[in-house]
Amino acid sequence: MALNVGGVNVRAQGAPNGRAPRCQHLSMPLGVEQGAPECAMCLILGLTWARLVVCLTCGWVACSDDSPGGHARAHYQETDHPVVGALETDTAWRWCYVHGRAV
């Protein structure tokens, strides 16, 4: 499919069946040791969190976007560490802040 972008025809680079292309940030070395299962910033500020996530680059544990503090996103904005994962070991859920989607 060709798109007209600013008067220039550009071929759309979508994936088959509407799936998003693989996130290249998953190729980064992972396997870091995670921190304590708590959001240090929430504890300091007296906030409670809805869910905790772990930075897959450095192991920092922080509250997710659905928590009042959103400290995991703040960590990404400060460090450019792109991918977080679920703190629970029974799920493989991961989120890429660069692409704004689960990966």
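Would it be correct to say that His99 is part of a loop (DSSP other than H, G, I, E, B), in contact (Cβ under 8 Å) with a residue 12 or more places away in the chain and farther than 19 Å from Ala36 by Cα? Spell out the reasoning first.
Working: part of a loop (DSSP other than H, G, I, E, B): yes; in contact (Cβ under 8 Å) with a residue 12 or more places away in the chain: yes; farther than 19 Å from Ala36 by Cα: yes.
Yes.
Looking only at region 31-44, filter to residues that are out of contact with any helix residue (DSSP H, G or I) (no Cβ under 9 Å at 6 or more places or on another chain) and assigned to a helix (DSSP H, G or I); which one of those is nearest to Asp66 (Cα to Cα)?
Leu43
Tell me yes or no: at least one residue of region 60-75 is in a strand (DSSP E or B) and under 25 Å from Gln24 (Cβ atoms).
yes
Have a look at Cys63, Cys42, Cys23 and point out the one that is at pLDDT 95 or above, surrounded by 11 or more Cβ atoms within 10 Å (Cβ to Cβ) and in contact with a Pro (Cβ under 9 Å, 6 or more places away or on another chain).
Values: Cys63 fails: in contact with a Pro (Cβ under 9 Å, 6 or more places away or on another chain); Cys23 fails: at pLDDT 95 or above.
When all the criteria are applied, what remains is Cys42.
Is there any pair with a first residue in region 60-79 that is under 15 Å from Ile44 (Cβ atoms) and free of Cβ contacts under 8 Å to residues at least 40 places away in the same chain and a second that is of a type in the set (Val, Ile, Thr) and assigned to a helix (DSSP H, G or I) whose Cβ atoms are under 9 Å apart and which are 6 or more apart or on different chains, and what are they?
Matching pairs, first to second residue: Trp60/Thr79.
The values are calculated or read from the model by the stated rules, or taken from the named source; none is laboratory data. Keep in mind that this is a model prediction, so the values were computed, not measured. Neighbour counts are summed over all protein chains in view; Cβ atoms, including those assigned to glycine, are modelled from backbone coordinates with ideal geometry.
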